[in-house]
Amino acid sequence: MRIRIPSALRSYTAGAPLVEGRGATLADMLADLDARFPGIRFRIVDEQDRIRPHIRFFAGEALAKTVAQPLGEDDEVMIVCALSGG
């Protein structure tokens, strides 16, 4: 599967905006991602495996609400970070 990385997390992927990943669920995909890009998972989910409030995942066109979201081999997963400022 293809994973689109937002600019705020590209320091973990050496600047790559698109990486390959694998996993039957979002949790599996994040474990795979973290094995190759250590530390990225903690920026996305908290200690209780909840998606952080400023992060959204889209698998295909569907919003993933939990890390238990099933994924397909051909899915494209987009990680979106909320913008804030003042």
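No value in this document is a laboratory result; all are computed from the given coordinates. The model shown is predicted, which means the values in this text are computed figures rather than measured ones. Every residue, glycine among them, receives a Cβ derived from its backbone with ideal geometry; neighbour counts consider all protein chains shown.
The table for this structure:
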| item | result |
| --- | --- |
| Filter result for the condition that a residue is loosely packed, with under 13 Cβ neighbours inside 10 Å, hydrophobic (A, V, I, L, M, F, W, C) and under 17 Å from VAL80 (Cβ atoms), over LEU30, LEU63, LEU26 | LEU63 |
| Residue that is surrounded by the most Cβ atoms within 10 Å (Cβ to Cβ) [pool: residues in region 33-60 that are within 14 Å of MET1 (Cβ to Cβ) and not aliphatic (A, V, I, L, M)] | PHE57 |
| Wholly within the chain, strands (runs of 3 or more DSSP E) carrying at least 2 residues that are among the hydrophobic types (A, V, I, L, M, F, W, C) | 18-20, 55-59, 62-64, 76-81 |
| Those residues of region 1-17 which are in contact with a strand residue (DSSP E or B) (Cβ under 9 Å, 6 or more places away or on another chain) and not aliphatic (A, V, I, L, M), in sequence order | ARG2, ARG4, PRO6, SER7, THR13, PRO17 |
